[in-house]
Amino acid sequence: MQSTKQRHHAPAAAAAVAAMALGLALLGSATQAQTLTAHPGTAPLTLQALFEQAWQRQPEAQSAALRREAAQATRSAAEAWTAEPAALELSTKTDRPGSNQGSREAEVGLALPLWLPGERARKAALADAEVQALDSRQRAAQLQLAATVREAWWAAQRAQADQALAQDRLLNAQRLAADVARRVRAGDLSRADQAQADGAVAQAEAAMAEAQGARDSAQVALAAWGVQAAPTLALADGAESEPPVPDPTAAAAQHPAAADWQDQAEVARRAADLAAVQTRANPELTVAATRGREQAGDRYQQTFTVGLRIPLGGGDRAQAKQATARADAIDAEARAAVEQRRLAADIAAAVARVKATQAQRDAFARHAALAQGTRGFIDKAFRLGEADGPTRLRVELEAAQAERQLARARIDAAAAISHLRQALGLLPQ
């Protein structure tokens with residue numbers, strides 16, 4: 001009898017926490033009470049590592065260096081002495097082609113495009129705004145990717161944890177069925193009790209198959225981000241997968257999505273300022289040297305020419321350019337304001353969700369503790385013959401339901417914090 005008690009008390013505390021999942025319930029629960037291990041000896045895959053792997057595969061990440069180089073080149077061009085690169089002019093003139101007789105003249109000149117008044121400073125300001133907008137656009141792209149990666153991550157967490165719960169449920173059902181079979185042979189229980197225990201094993205096997213299928217589907221989703229099949233997903237014991245946000249208000253002020261639209265509005269305003277002074281083409285300063293003779297036998301004479309070319313006003317073209325730039329600025333500013341209001345609503349909803357899921361997690365933790373205590377009492381009574389088989393199975397099922405609800409509540413609370421960080425514009429950590 002002593003050996004029977006030891007066999008019933010053999011499961012460790014971790015196995016008890018990850019008890020049976022309800023066979024016909026929906027899959028998708030997860031637990032933070034353990035770090036799931038798919039490949040022993042390999043480092044667990046964290047959400048931050050998954051995001052970094054996914055980002056390196058994105059087109060924006062691969063072209064970022066070249067785009068930044070182009071933006072810096074534009075900024076350097078605004079510091080040049082001339083509005084455009086200088087042009088070399090070469091010409092020759094004679095009245096007797098193909099002969100050394102008659103007059104001849106050769107000219108070498110240099111054309112220097114000049115800045116319009118105020119153009120150089122405003123072009124530099126526009127280049128600075130474009131560099132800043134490039135950085136904010138990249139951060140906004142990272143945040144957009146982070147939303148998708150977080151969704152895949154939590155789906156994989158739920159699927160992997162659900163498989164662990166289903167496996168523990170199957171092991172518990174098999175141990176219970178073996179105990180019932182032993183007592184049926186001893187005459188303590190009826191064959192009806194044996195049938196119920198075998199039915200619980202069949203339900204656990206079906207739940208295990210369904211959980212494995214869900215986990216495989218989640219692994220396929222992770223493979224789209226460059227992750228090898230069946231990785232180990234790290235979820236620290238007793239801690240959230242991402243650090244909580246101490247001050248949502250302060251973090252919201254630096255949201256990449258809002259900063260992206262604000263920087264685009266700044267670029268449009270700088271472009272409008274530049275268009276206001278570019279009402280005509282750039283004037284050109286020409287410096288030329290001419291060497292020529294009047295007729296054969298005369299000495300060559302050297303002359304120098306300095307000229308200034310001033311284009312007239314751009315007319316309707318310049319006005320159209322200014323109007324377009326101003327319209328882009330107004331559009332970007334309006335979009336930035338709309339984005340700010342949307343972000344504020346998302347943050348408020350995310351904060352409320354965190355509070356609700358944490359309260360739900362605490363309530364389910366108390367419920368699971370009570371269910372575990374009841375299961376212990378009934379298990380002891382069942383071994384002593386003071387409780388029947390149906391009662392034992394019912395209490396086991398209720399405890400499994402409580403553990404599944406607690407597992408779902410724990411991972412939902414962790415996912416809520418991750419969603420709040422996403423709403424605040426924070427990348428995975």
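When the residues of region 303-313 are filtered to those that are part of a strand (DSSP E or B) and more than 15 Å from SER103 (Cβ to Cβ), which remaining residue is least open to solvent (accessible area, probe 1.4 Å)? Within region 303-313, the match that is least open to solvent (accessible area, probe 1.4 Å) is GLY307. Note on region 47-69: among residues that are aliphatic (A, V, I, L, M) and surrounded by fewer than 14 Cβ atoms within 10 Å (Cβ to Cβ), the one that is farthest from the chain's Cα centre (by Cα) is LEU66.
Given the condition of a type in the set (D, E, K, R), open to solvent by 80 Å² or more (accessible area, probe 1.4 Å) and not in a strand (DSSP E or B), answer yes or no: does some residue in region 133-140 qualify?
Of the residues in region 133-140, the ones of a type in the set (D, E, K, R) are 135, 137, 139.
Next cut, open to solvent by 80 Å² or more (accessible area, probe 1.4 Å) only: 137, 139.
Then drop every residue that is not not in a strand (DSSP E or B), which leaves 137, 139.
Yes, that holds for at least one residue.
Summed over region 75-132, the residues that are open to solvent by less than 50 Å² (accessible area, probe 1.4 Å), of a type outside the set (S, T, N, Q), part of a loop (DSSP other than H, G, I, E, B) and over 23 Å from PRO311 (Cα atoms) give a count of 1. Within region 47-73, the residues that satisfy the criterion of being of a type in the set (S, T, N, Q) and assigned to a helix (DSSP H, G or I) are GLN48, GLN53, GLN56, GLN62, SER63, GLN72.
Results for (1) polar (S, T, N, Q); (2) modelled with pLDDT under 80, shown as yes or no for each residue.
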{"residue": "VAL180", "(1), (2)": "no, no"}
{"residue": "ALA204", "(1), (2)": "no, no"}
{"residue": "MET208", "(1), (2)": "no, no"}
{"residue": "GLN212", "(1), (2)": "yes, no"}
{"residue": "ARG215", "(1), (2)": "no, no"}
{"residue": "PRO248", "(1), (2)": "no, yes"}
{"residue": "HIS255", "(1), (2)": "no, no"}
{"residue": "ALA259", "(1), (2)": "no, no"}
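Looking only at residues of region 275-291 that are assigned to a strand (DSSP E or B) and either touching a Ser or Thr at 6+ places or on another chain (Cβ under 6 Å) or not polar (S, T, N, Q) (or both), we find that the one that is surrounded by the most Cβ atoms within 10 Å (Cβ to Cβ) is GLU284. Of all residues in region 375-389, none satisfies being under 30 Å from SER136 (Cβ atoms), touching a residue at least 12 places away in the same chain (Cβ under 8 Å) and in a helix (DSSP H, G or I).
Of all residues in region 314-327, one or more are touching a helix residue (DSSP H, G or I) at 6+ places or on another chain (Cβ under 6 Å), open to solvent by less than 40 Å² (accessible area, probe 1.4 Å) and assigned to a helix (DSSP H, G or I). Check region 133-140 and report whether any residue there is touching a residue at least 40 places away in the same chain (Cβ under 8 Å), more than 27 Å from ALA350 (Cα to Cα) and not β-branched (Val, Ile, Thr). Checked against the condition, which is being touching a residue at least 40 places away in the same chain (Cβ under 8 Å), more than 27 Å from ALA350 (Cα to Cα) and not β-branched (Val, Ile, Thr), region 133-140 yields at least one hit.
If I filter region 361-372 for residues that are over 30 Å from GLN196 (Cα atoms) and loosely packed, with under 15 Cβ neighbours inside 10 Å, do I get at least one hit? Looking through region 361-372, at least one residue is over 30 Å from GLN196 (Cα atoms) and loosely packed, with under 15 Cβ neighbours inside 10 Å. Within the set ARG392, ARG404, the sole residue that is surrounded by 14 or more Cβ atoms within 10 Å (Cβ to Cβ), in a helix (DSSP H, G or I) and more than 43 Å from the chain's Cα centre (by Cα) turns out to be ARG392.
The values are calculated or read from the model by the stated rules, or taken from the named source; none is laboratory data. In this text the structure is predicted, and so the values were computed from the model without any measurement. Note that each Cβ is placed from the backbone with ideal geometry, even for glycine, and that neighbours are counted across all protein chains shown. Calculation scope for accessible area: heavy atoms of the full protein, side chains included, ligands and nucleic acids excluded. Shrake-Rupley method; radii C 1.70, N 1.55, O 1.52, S 1.80 Å.
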